[in-house]
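Read the structure below first, then the notes.
The values are calculated or read from the model by the stated rules, or taken from the named source; none is laboratory data. Note that the coordinates shown come from a computational prediction; the quantities given were computed from them, not determined experimentally. Neighbour counts are summed over all protein chains in view; Cβ atoms, including those assigned to glycine, are modelled from backbone coordinates with ideal geometry.
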Amino acid sequence: MIRTLVISISSLFLCLFFTACVRDTDFDQAEDISLSPIMELDLIYFNLQASDFYDTINGTPILTLRDTTEIKFLDDSTLQESLKRADFYFKFTNSIPRSFQVDFEFLSEENNITYETGTAVEQGEVSTPVITEFTHIVEGEAISQLTLANKVVVSVTIPSSNENLQGTLNMKSKTTYFLEY
Amino acid sequence: MRNFLTVMLFLVGVLAISQNKQILYGFDDTPQSLMLNPGSKVIHKKHYGIPLLSQIHINGGSSGVSVYDIFNNGNDNINDRITKKIFEMKNTDFFTATQQLELINFGWRAKNEIFFSGGIYQEFDFISYFPKDLAILAWEGNSDYLDYKFDLGEVSTTGDFMTVYHFGMNKKINEKLTVGARLKLYSSMFSYRSVNNTGTFVTRLGDENSENIYEHTVENADVSVETSGYASLRELDGPNEVIKEVLGRTLFGGNIGVGVDLGFTYEINDAFVLTASALDVGAIFHRKDVENYRAHGNYTLDGINLIFPALSDGESTYPYYDDIEDEFEREIPIDTIHNKYTQFRPVKINAGLSFGFGRFFASDNCDCMNMDTGVLHKQNVGVQFYSIFRPKGQQLAGTLYYKRRLNEFISAKATYTVDSYSFSNVGLGVSADVGSVNFYVAADNLLKYGNLAKAKSVSLQLGFNIIIDD
């Protein structure tokens, strides 16, 4: 009786240890694991006064205003590999009675233009600001151009200006980054 | 990132749970039951653990997910399965891994009837709670979660690697009561913890008065990581050097701590026995090689504000981006602190009530295994309770068991355990004496051995001792 029990328990253990296994699984699927987060992130914003387009000291119009900022993460090697698509969204609120041309030049470390885009901004009125929205989608081959850049030059061009010009041009922007790791 | 995930998921599935040794507890046939209750009834006269082989214990688990959940070879996409699991799991779900290796273990009954025992073992213990919000943020991004406050405080993890020196005494006070205590000295070779963190990250859609489209805000952040035995490893060159240095700390080279185990056995009557123990009531005092990091503060990011300054030729504009980085570091600084700290050991509580029946006689003439007074039963049934204090509260387990002495040489114990991992944990332990060599093996979650991938936890203990009865 006891002998039978001993043998059966021992064999149960032996069985368990030798048959213990990991079944119905496929670890090659690890290759297919991909994180695909979609990140929303503010980009740049500015507020320009109509008077910024006129040099009162010399009495001459300034037709183009230009500023540059670094976007250091853009040419990061991780982002270069994982960025699949970037949607830029710009929102202009214009109360200056002029239309504008706004251009974005993306520059590499060596100041070469790797990517560019731009839009026209509708003319506004001081009493009733006009909103212009501009969406620009970068995907495919263009992504590799965009991610060579680590800074952006923003140029705001007004067709004409004088010292009596009034109103403001406001821009807000964000980017939606579609990533895949 | 992908490799990291794979390794994490694999480790989580293959290793086992939370230090509960429900099979060995009260299994007096093995000397190691004294390590779970220093006040357990010792029926032998002397024992020596075979060095390095007297107890090998591995235990790992994950309360919310099994390997099978992720890697089953179904037709659906693995990423859909991960997504499903991330949302199913709670921030109180956890991953644990524990490993213990006895280097030395010995015990003897002195002339004054006190049973002394002592030894050295090495222990690795890890727990991490599932930081659900951060997992969602990494997996899905913030795009679908505007206005949602991602909780940074869900990060809660500890890890320890130490050597424990212990010495205990066990004495039968009277007919009914046996008590025991064990003093422990801990030598921590490496330790880290990141607990009691707070803070949120939220992306809100701004209104027309906002500076930009969104406001990205980190609120009330206070996240810290405390480490000891880490700073000096950082400068070392390669894994070999690190291993050499860590192992070099085995002999009191690390941070010292002290603790006790306490326990008793109370024989209520011939049939019922009540036992209980509290293990690792103590603390480690991290005094040397301590390095702590703390990030705290509030910050709102609106993006980059261009101001189109009038520049003369060759003059460069403001360093907008660097300014933002500087501002962030100013508002949420990461401080490196070298404060000493005290770390309480996770206290483990065991309790059991056993009902014995069928008097056991080793032979017809003499009750050789029971020279002492008291009854040795052939069969026992009982209930056990186990609890361990973890960063986010107690983890509990309840066990029903059946134990049987098959003959003079072999005893077996079967357990059914309900814990954070499952309601279907069946375990079995066998202790066999061949001459004076005692061998035991105990494993749980046996029902899952047919496919370990489906197990959320696995625990295994085995070892060899030399036991001398008289």
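Within the range A:1-109, which strands (runs of 3 or more DSSP E) (wholly inside it) include 2 or more residues that are surrounded by 15 or more Cβ atoms within 10 Å (Cβ to Cβ) and either among the aliphatic types (A, V, I, L, M) or modelled with pLDDT under 90 (or both)?
On the way: elements: A:38-42, A:44-49, A:64-70, A:83-94, A:100-107.
Passing ranges, in order: A:38-42, A:44-49, A:83-94, A:100-107.
Being within 30 Å of B:G49 (Cβ to Cβ), part of a strand (DSSP E or B) and free of Cβ contacts under 8 Å to residues at least 40 places away in the same chain is true for just one of B:F116, B:F124. Which residue is that? It would help to see each step written out before you state the result.
Values: B:F116 fails: free of Cβ contacts under 8 Å to residues at least 40 places away in the same chain.
None of the others qualify; the one that does is B:F124.
Regarding B:S33, is this residue under 18 Å from B:L460 (Cα atoms) and free of Cβ contacts under 8 Å to residues at least 12 places away in the same chain? Talk me through it step by step, then tell me what you get.
Values: under 18 Å from B:L460 (Cα atoms): yes; free of Cβ contacts under 8 Å to residues at least 12 places away in the same chain: yes.
Considered against the rule, which asks whether it is under 18 Å from B:L460 (Cα atoms) and free of Cβ contacts under 8 Å to residues at least 12 places away in the same chain, B:S33 comes out as yes.
Tell me which residues, restricted to the range B:245-292, are among the charged types (D, E, K, R) and in contact with a Pro (Cβ under 6 Å, 6 or more places away or on another chain).
Within the range B:245-292, the first condition is being among the charged types (D, E, K, R), and the residues that meet it are B:245, B:249, B:261, B:267, B:270, B:280, B:287-289, B:291.
Correct list: B:D261 only.
Take the range B:127-145 and flag every residue that is under 17 Å from B:V195 (Cβ atoms) and buried (at least 18 other Cβ atoms within 10 Å of the Cβ). So that I can check it myself, show each step before the final result.
Within the range B:127-145, the first condition is being under 17 Å from B:V195 (Cβ atoms), and the residues that meet it are B:127-134.
Once the filter is applied, which keeps residues that are under 17 Å from B:V195 (Cβ atoms) and buried (at least 18 other Cβ atoms within 10 Å of the Cβ), the range B:127-145 yields B:I127, B:S128, B:Y129, B:F130, B:P131, B:K132, B:D133.
Could you tell me how many of the residues in the range B:312-327 are part of a loop (DSSP other than H, G, I, E, B) and at the interface with chain A (Cβ under 9 Å from one of its Cβ atoms)?
Let us first name the residues in the range B:312-327 that are part of a loop (DSSP other than H, G, I, E, B), namely B:312-319.
Subset that is at the interface with chain A (Cβ under 9 Å from one of its Cβ atoms): B:316-319.
The qualifying residues number 4.
Is the range A:51-64 home to any residue that is more than 7 Å from chain B (Cβ to nearest Cβ) and on the phi > 0 side of the Ramachandran plot? I'd like the intermediate steps shown before the answer.
Taking the range A:51-64 first, the residues more than 7 Å from chain B (Cβ to nearest Cβ) are A:51, A:53-64.
Next, only the ones that are on the phi > 0 side of the Ramachandran plot stay: A:59.
Yes - at least one qualifying residue is present in the range A:51-64.
Mind checking which strands (runs of 3 or more DSSP E) fall wholly inside the range B:14-113 and carry at least 3 residues that are surrounded by fewer than 22 Cβ atoms within 10 Å (Cβ to Cβ)? Let's see the steps before the verdict.
Numbers: elements: B:46-49, B:56-62, B:94-109.
Once the strands (runs of 3 or more DSSP E) in the range B:14-113 are filtered for at least 3 residues that are surrounded by fewer than 22 Cβ atoms within 10 Å (Cβ to Cβ), what remains is B:94-109.
Within the range B:410-468, which residues are β-branched (V, I, T) and in contact with a helix residue (DSSP H, G or I) (Cβ under 9 Å, 6 or more places away or on another chain)?
We begin by selecting, within the range B:410-468, every residue β-branched (V, I, T); these are B:410, B:415, B:417-418, B:426, B:430, B:434, B:437, B:441, B:458, B:466-468.
Across the range B:410-468, the qualifying residues are B:I410, B:V426, B:V430, B:V441, B:V458.
Just one of the numbered conditions (1) in contact with a Lys or Arg (Cβ under 6 Å, 6 or more places away or on another chain); (2) without any contact (Cβ under 8 Å) to a residue 24 or more places away in the chain; (3) not hydrophobic (A, V, I, L, M, F, W, C) is not true of B:D207; which one?
Condition (1) is where B:D207 drops out.
Determine which single condition B:L137 fails, assuming it passes every other condition in (1) modelled with pLDDT of 85 or more; (2) touching a Lys or Arg at 6+ places or on another chain (Cβ under 7 Å); (3) not hydroxyl-bearing (S, T, Y).
(2)
Looking at (1) over 30 Å from B:R182 (Cβ atoms); (2) away from every other protein chain (no Cβ under 14 Å); (3) touching a Ser or Thr at 6+ places or on another chain (Cβ under 9 Å), which is the only condition B:G141 fails?
(2)
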